[in-house]
Amino acid sequence: MLFQIKSYLKFLWNSKNEHGVHSPFVFHLVSKCFYDSKPKPEYQVLENYRNSLLVNKNSIEVTDFGAGSKVFKSNKREIAKIAKTAGISRKRAELLFRITNYFQPETVLEIGTSLGLATSALALGSRSVGTKATITTLEGCSETANQCQLQLQKFNFNTVELMVTEFSTYFKTNNQQPTTINQIYFDGNHQKQATLDYFELLLPTISNESVWIFDDIHWSAAMEEAWEIIKNHPKVTVTIDTFQWGIVFFRKEQEKEHFVIRV
């Protein structure tokens, strides 16, 4: 906790709003998307999705995984408590919706489904693309995935394909014939080496328009090290640090720049 407080104070010292941004691409993203304060009807759908989980007192067997596919923790947890403590916050879900809606990706990958709070934001954000939009979300715990599938069906998020799988196994299998993924949300493993491994394994899927969002980049010193390595990768051109997230772009027409933005 002390580490995160120090990191946040450093972030505040270095951060800017849209008036400190000189890149037209990033300025437009920040002013028209990050700072869009207009109410959206989709926010109520996100709230209803969340509330239906927060009143669910049933318990499920939740399995957490360490390196590779090794189980390091398995216990019964109440669905309402998982949604309250492990899911994306309301503010972040709304921002994720806006980012997805802003870029309108036709293919989305989410690493770490949990109960689908972020998944619902991704599905709503890409909905206006039409039937072409597809979302694949990966979850390692089968009981959590089953509960999420019921929830997604309840809210008619029928463009989502939920897969129960160990993440690196999925990447290696699918990278034999890589396809372009327009947007990736990394929220399945907050360890340095796993994050870097996923980054490298998914690089064959990038296009000039790809948007990658890494959750909890300031979770630990190791995650901050991973973020620095990602920022400096030769294929990465623009990055945005919002403290909670690190957002990565591969736009060849952009100069290599790194931004620290308050949201």
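Points to keep in mind about this one:
- Across the accessible surface of the chain, with the other protein chains kept in place and a 1.4 Å probe, carbon and sulfur atoms take up 53 percent.
- Across the chain, Cα pairs under 8 Å and at least six residues apart give a relative contact order of 16 percent.
- Dipole magnitude of segment 3-62 about its Cα centre (Cβ charges: Lys, Arg +1; Asp, Glu -1), debye to nearest 20: 200 debye
- Unit charges at the beta carbon, dipole of the chain: most positive-side option, VAL21, ILE206, THR136: VAL21
- Overall form of the chain per C-alpha gyration tensor (a/c, 1.5; a/b vs b/c): rounded
- Equivalent-ellipsoid semi-axes of segment 1-96, from the Cα gyration tensor, Å, largest first: 33, 22, 12
- 3J(HN,Hα) couplings calculated from phi for segment 206-220 with the Karplus curve 6.51 cos²θ - 1.76 cosθ + 1.60 (θ = phi - 60°) are, in sequence order, 6, 10, 5, 9, 5, 10, 10, 10, 9, 7, 6, 6, 10, 5, 7 Hz; Gly and Pro show x.
- Relative to the longest principal axis of the Cα atoms of the chain, the long axis of helix 41-54 lies at roughly 40 degrees.
- With protein chains left intact and a 1.4 Å probe, residues in the chain average 50 Å² of accessible area per residue.
- Overall form of segment 183-263 per C-alpha gyration tensor (a/c, 1.5; a/b vs b/c): oblate
- Rounded to 5, the percent of DSSP beta bridges in the chain classed as antiparallel: 40 percent
- FRET efficiency, GLU18 to GLU200 (Cβ-Cβ, R0 30 Å, nearest 0.05): 0.40
- Two-site label geometry, LYS32 and LYS256: point separation in nm, points 7 Å out along Cα→Cβ: 2.8 nm
- As computed over segment 95-156, the Cα convex hull volume per residue (Å³): 73 Å³
- Residue-span extension gain [LYS154 to ASP64] - 0.36 nm each, minus C-alpha spacing: 29.8 nm
- For segment 123-263: span of alpha carbons on each principal axis (Å, largest first): 42, 36, 32
- Between LYS40 and PHE3, residue separation times 0.36 nm minus the direct Cα-Cα distance comes to 9.8 nm.
- Cα-Cα over 19 Å, subset of LYS40/LYS81; LYS192/LYS231; LYS6/LYS231; LYS57/LYS81; LYS91/LYS235: LYS40/LYS81; LYS6/LYS231; LYS91/LYS235
The values are calculated or read from the model by the stated rules, or taken from the named source; none is laboratory data. None of these values were measured; they are calculated from a predicted model. Backbone-built Cβ (ideal geometry, glycine too); neighbour counts: all protein chains shown. Surface accessibility is based on the protein's heavy atoms, side chains included, excluding ligands, DNA and RNA. Shrake-Rupley method; radii C 1.70, N 1.55, O 1.52, S 1.80 Å.
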